[in-house]
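The values are calculated or read from the model by the stated rules, or taken from the named source; none is laboratory data. These numbers come from a predicted model, not from an experiment. Here Cβ is always computed from backbone atoms with ideal geometry, including for glycine, and neighbour counts include all displayed protein chains. Just the protein is used for accessible areas: all its heavy atoms, side chains included, with ligands, DNA and RNA removed. Shrake-Rupley method; radii C 1.70, N 1.55, O 1.52, S 1.80 Å.
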Amino acid sequence: MTGLLSTGVERGADALDGPLRRLHAQCREVAPSFREVGVALDRDPDSIRDFLHLPAFGVLGQVFTPPEYQTGDLVVDAFDPTCTALCVVLEALSHGDPGAILAGPGAGLCRDVVRELGDDAQREQFFGRVDDGPTWTFFGLTEPGKGSAALELDTRLTPAPDGDGWLLHGEKKYIGNGARAQIGVVFCRRAPGPWGIEAVVVDPSAEGFSGELLPMVGLRGARISHLRFDAVRVPADRVLGRHRTPSRRGIYGALHALLRFRPGLGAMTLGLTQAACDYLAEHRPVLPKADQARVDALLDRIAAVRRMMYDVAADVDRGVVNAHRIGTVKMRAAQLGERATLLAAELLGPASLIEHPWLEKAYRDLRAFEFMEGTSNLHRLSVFQGLLKSDYFPAAGHADAPRH
Amino acid sequence: MSYPALLDALHDRTAGDHLVASASGVVIASGESIAGDHPLTRFGLGVGRRDPDDPLVLERFADGLLDLHRQLLRRGIDHAVEHLNGRTSGDTTLLDRQLVQASLADVAVEIRESEALRPDDPASRWRAHQGLTAAGRLLLTLLGASSFLVTGPGGELHLAEVTGNVYLHPGEEDR
Ligand SMILES: Cc1cc2nc3c(=O)[nH]c(=O)nc-3n(C[C@H](O)[C@H](O)[C@H](O)COP(=O)(O)OP(=O)(O)OC[C@H]3O[C@@H](n4cnc5c(N)ncnc54)[C@H](O)[C@@H]3O)c2cc1C
């Protein structure tokens, strides 16, 4: 069972054009290898290096490296790194295992912030480093005391007393790949207020940097970490966007990167959610009518969220970034993920979470997506703000507007 | 007391001389009571297999599990109140946010209602378990990423969910 329609894509992805369908098919072909990776990483998050030769990691390289910096062989046909393509690839690969994606080397979430804020030399330096053998990166925004209220972050950037660049002081918590990365971006405060936030590129081998792995319930391959910066020196040329005004760097870069990546996180969630439904269909092909109705209701919702996801992704690709609608996709995908694993565990019968280790892992992993890229409460509040601004429902004539 | 220790104590109170085995023959107890390598070992639990226990024993054990689950949720609420009172956003604590308060209240209401349910057959026990699971999931959303740490309410509630899946799931006929 794959959940695929005769058109080769899942319900809700019908609007994809030929090249994107082909990309989807190529990704789905390599995605099953991620199942084994995911299970291995759940046991030992460090085993990632045993799997880097897999084509699926090559696809991730294609997604997360801007085309101008790509040097490796192409695994799938070359494609424009649009938000829609990101969703296609991430959903298809997450049907294998999203934890493997988060565990992989590459620019990840840093891609957009460095590409958007960095000057030529900074981009060259960052992506050159990422391309130089398997290199892990981290995106350091969340702090022990500040998660949702990220704009109030406390990590400080102070001028170095010897006049040579800056010093970084503070902590970041729940940072993917933080304790394994060779390079990362840290958001920190140079001055009060939102425009006082800077994004700096940090080298974890610098003195004063330390990282500790946190014991997480799921997505263990992502190696969520607690990072500490004790007067870590940041050379002046590592402050991203130093050629821009304060309002066009720092937090602007964080929001730029997060909003453009958020549909992709929804895609990862949907990929695993669909996989849980497909797993159930494979192991219980025939269900009592009432139970099948519950599964069908869930599949309807998954298709709807997928449709909304491709809609917001298409918006992003034409320069319309509606945070309220993007947040809806991410929030609903996370909620459907939990619903799908709870339902699969119920319908697979007593002790299903023992007899089906893959399901037990998916059951744990899917809970993480509520927290990444903003919690449901924050997105609900954002939807409300969208309503106040009459900016939530798409305008008539838009692809997503009701058609009567 | 940790969930694995509480679970062992329940085994002890219910069967005395052995660990209670579910109707499907799966046994879950602390890692000290059942050695082995299983994904749950990381959370402090072990998994074994034995002939199922007598239905009357299983009933008592099931009621004990529901009590334990409610106990975890009560503890989880205390933890959440402290955690959220220590976090700020703007000029208030997260505990001051009405959305947060409403969710905490919903968790508490479910615990109260669950105590009054008095399930008396496998199907109603399962429904009670599902109610507690939903309340637990809501509680965990309030703890943010900290709920995804093995140590703390996130790890413990996961164990309560898995244990319920093993001992409280009534099978297709009785669901
Ligand atoms: C698997 C995983 C990977 C992650 N990777 C990264 C990473 O690579 N880099 C990074 O920087 N961060 C990362 N994070 C952290 C993530 O971004 C934060 O968890 C998220 O921002 C939420 O913050 P918090 O956990 O501190 O929750 P909190 O902000 O403490 O929220 C706690 C609760 O309060 C609610 N709440 C908060 N504010 C309000 C409000 N104003 N009104 C109503 N309710 C509110 C929330 O909805 C939530 O229910 C990761 C988290 C996870 C779980």
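Some values worked out for this structure:
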item: Distance between modelled label sites at A:ASP120 and A:ALA25, nm, 7 Å Cα→Cβ extension; result: 4.1 nm
item: Full-stretch length increase - A:ARG129, A:SER47 - with 0.36 nm per residue and alpha-carbon distance subtracted; result: 27.3 nm
item: Spatial separation of Cα centroids for segment A:266-340 and segment B:11-54, in angstrom; result: 36 Å
item: Heavy-atom accessible surface of chain B: percent carbon and sulfur, 1.4 Å; result: 50 percent
item: Backbone HN-Hα couplings from phi across segment B:42-49 [Karplus 6.51/-1.76/1.60, Hz, Gly and Pro as x]; result: 4, 8, x, 10, x, 10, x, 9
item: Simple label model, 7 Å out from Cα along Cβ direction - B:SER124 to A:ASP154, nm; result: 5.0 nm
item: Potential extension, A:SER210-A:ASP73 segment - 0.36 nm per residue separation minus Cα distance; result: 45.8 nm
item: Qualifying chymotrypsin sites (Phe, Trp or Tyr not before Pro) for segment A:197-283 [loop in DSSP, other Cβ within 10 Å: at most 15]; result: none
item: Under the Karplus curve 6.51 cos²θ - 1.76 cosθ + 1.60, θ = phi - 60°, whole-Hz ³J(HN,Hα) for segment B:17-33, x wherever Gly or Pro sits; result: 9, 7, 8, 5, 9, 5, 4, 8, x, 8, 10, 10, 8, 5, x, 6, 7
item: Residue among A:ALA304, A:ALA275, A:ALA100 with the largest mean-square fluctuation in a Gaussian network model of chain A, springs linking Cα atoms under 10 Å; result: A:ALA304
item: Cα-projected label distance for A:VAL286 with A:VAL320, points at 7 Å along beta-carbon direction, nm; result: 4.8 nm
item: Range in chain A, longest, excluding exposed trypsin sites (Lys or Arg not before Pro) [loop by DSSP; at most 12 other beta-carbon atoms within 10 Å]; result: A:1-317
item: Rounded to 5, percent antiparallel among DSSP beta bridges of segment A:133-245; result: 85 percent
item: Among A:ASP80, A:ASP50, A:ASP237: highest mean-square fluctuation, GNM of chain A, C-alpha pairs under 10 Å; result: A:ASP50
item: Calculated [θ] (222 nm, deg cm²/dmol) that DSSP helices of n ≥ 4 give over chain A, each run adding -39,500 (n - 2.57); result: -15000 deg cm²/dmol
item: Whole-angstrom gap from segment A:129-203 to segment B:84-103, using each part's C-alpha centre; result: 26 Å
item: Helical segments meeting 20 Å axial Cα length and Kyte-Doolittle -0.5 threshold in chain B (DSSP H); result: B:55-85, B:98-117, B:122-142, B:153-167
item: Per residue, in Å², the accessible surface of segment A:18-117 once ligands and nucleic acids are set aside, probe 1.4 Å; result: 37 Å²
item: Members of segment B:119-145 that become less accessible by 50 Å² or more once partner protein chains are added (1.4 angstrom probe, chain alone as reference); result: B:ARG137, B:THR141, B:ALA145
item: Prolate/oblate/rounded label for segment A:153-208 (Cα gyration tensor, a/c 1.5); result: oblate
